[in-house]
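Structure, as structure tokens:
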Amino acid sequence: MWKIVVAFVRLGRPLFLAGGFINYALGAAIARLTGHPIDWRRYALGQAAVTAFQLMTHYANDYFDLDADRANATPTRWSGGSRVLPGGELPRSAALIAALVLAAIGIAVIAALHEQIAVLVAMGALAWAYNAPPLRLCASGFGELDTAIVVTGLVPWLGFALQAPDLGGTRIALAAFAPAALLQFAMLLAIEFPDAAGDAVTGKRTLVVRLGARTAAKLYAACTAAAYLWLPIAYVLGVPAIAVALAALPVPIAIWRLSADVSDAARYERSTFFAVVLVVAAAGTMLTGIVIAA
């Protein structure tokens, strides 16, 4: 029983939940910075919806991607799914049931919150469409944009809008969200390189598969560079200097990673790890700076 419980938790890839907590908190912190008090009931309900939909996506991803995960000969800690279903640790149906239950929980939270319904519905719908037919955006070359919009766009926007119903401070919010959004897109490209061969064999046309390794690597580099080149613009648009300064701290890591070939199979583990580090650091340092300024 203990092994089953552990396998079920691993199937949900809880480490990836950090992004949902940090990005949601970033939005709320910007609302506080711009003079809005924090309503903790709204905050808790909004976070519950975010986490439910995020976990729904994780379980649905392993269910709908089973064939691609089985064909993946180069998985890493950050790509290739949880490896629970390909290893036969749980039946495939467990992932689908969990995804549907979590979707129901997310819908129930929307009903309880009665605010920002359009944002929450869009978040849930786009999260489901990432994996599930008929859209299955992750297999069409649009999944990367879909995920960046949800995780680093709608999630922090929900945190902001729930605490700032008048939307005062929107310019600062959007300027602060941009670096993490660009790095989220870059991270998705990075974690697709190890999966590309298996994806191509099973007809999963991710952006890396569609563009090819060389072009996708250039796009990864461009998005990573753009995230840090945006920081001076964010300052001009009103993001506090302390937040911009802290967000710039990972620049040496970014420069180091830009000098490496993200498509090199020998470096997949390192490339995916640091791609995740950069996106979490972008949101985390920006959040820390906003909290200090607030």
*If you take just the helices (runs of 4 or more DSSP H) that sit entirely in the stretch 193-240, which of them hold at least 1 residues that are in contact with a helix residue (DSSP H, G or I) (Cβ under 9 Å, 6 or more places away or on another chain) and closer than 30 Å to Gly169 by Cα?*
213-229, 231-236
*Identify all residues within the stretch 106-122 that are assigned to a helix (DSSP H, G or I) and free of Cβ contacts under 8 Å to residues at least 40 places away in the same chain; write none if there are none.*
Ile107, Ala108, Ala111, Ile117, Ala118, Val121, Ala122
*Here are some conditions: (1) at pLDDT below 95; (2) assigned to a helix (DSSP H, G or I). Ser82 meets all but one. Which one does it not meet?*
(2)
*Within the stretch 264-294, restricting attention to residues that are without any contact (Cβ under 8 Å) to a residue 24 or more places away in the chain and not hydrophobic (A, V, I, L, M, F, W, C), which residue is surrounded by the most Cβ atoms within 10 Å (Cβ to Cβ)?*
Arg267
*If you take the residues in the stretch 123-172 that are assigned to a loop (DSSP other than H, G, I, E, B) and open to solvent by less than 20 Å² (accessible area, probe 1.4 Å), which one is nearest to Ala31 (Cα to Cα)?*
Ala164
*asked:* Can you pull out every residue in the stretch 112-129 that is of a type in the set (Gly, Ala, Ser) and under 13 Å from His58 (Cα atoms)?
replied: Gly124, Ala127, Ala129
*State whether one or more residues within the stretch 240-254 are farther than 21 Å from Leu26 by Cβ, open to solvent by 30 Å² or more (accessible area, probe 1.4 Å), at pLDDT 95 or above and not basic (Lys, Arg).*
yes
*Within the stretch 80-108, how many residues are surrounded by 21 or more Cβ atoms within 10 Å (Cβ to Cβ) and either of a type in the set (Val, Ile, Thr) or touching a strand residue (DSSP E or B) at 6+ places or on another chain (Cβ under 9 Å) (or both)?*
1
*Restrict the check to the stretch 24-34 and report whether at least one residue is modelled with pLDDT under 95, assigned to a loop (DSSP other than H, G, I, E, B) and open to solvent by 30 Å² or more (accessible area, probe 1.4 Å).*
no
*asked:* Return the residues of the stretch 54-79 that are charged (D, E, K, R) and either part of a helix (DSSP H, G or I) or open to solvent by 10 Å² or more (accessible area, probe 1.4 Å) (or both); say none if nothing qualifies.
replied: Asp62, Asp67, Asp69, Arg70, Arg77
*What is the one condition in (1) without any contact (Cβ under 8 Å) to a residue 12 or more places away in the chain; (2) open to solvent by less than 20 Å² (accessible area, probe 1.4 Å) that Leu229 does not satisfy?*
(2)
_Residue in the stretch 8-23 that is nearest to the chain's Cα centre (by Cα), counting only those that are surrounded by 19 or more Cβ atoms within 10 Å (Cβ to Cβ) and more than 18 Å from Trp157 (Cβ to Cβ)_ = Arg13
*For the stretch 199-226, enumerate the residues that are small (Gly, Ala, Ser), under 20 Å from Val277 (Cα atoms) and open to solvent by less than 50 Å² (accessible area, probe 1.4 Å).*
Ala216, Ala217, Ala221, Ala225, Ala226
*Only residues that are assigned to a helix (DSSP H, G or I) and over 20 Å from the mean Cα position of the chain (by Cα): list them for the stretch 85-99, please.*
Arg92, Ser93, Ala94, Leu96, Ile97
*Is it true that some residue in the stretch 36-53 is assigned to a helix (DSSP H, G or I), open to solvent by 40 Å² or more (accessible area, probe 1.4 Å), out of contact with any His (no Cβ under 7 Å at 6 or more places or on another chain) and among the aromatic types (Phe, Trp, Tyr)?*
yes
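The values are calculated or read from the model by the stated rules, or taken from the named source; none is laboratory data. Because the structure is predicted, anything quoted here is derived from the model rather than measured. We place every Cβ from the backbone using ideal geometry, glycine too, and count neighbours over all the protein chains shown. With ligands, DNA and RNA removed, areas are computed over all heavy atoms of the protein, side chains included. Shrake-Rupley method; radii C 1.70, N 1.55, O 1.52, S 1.80 Å.
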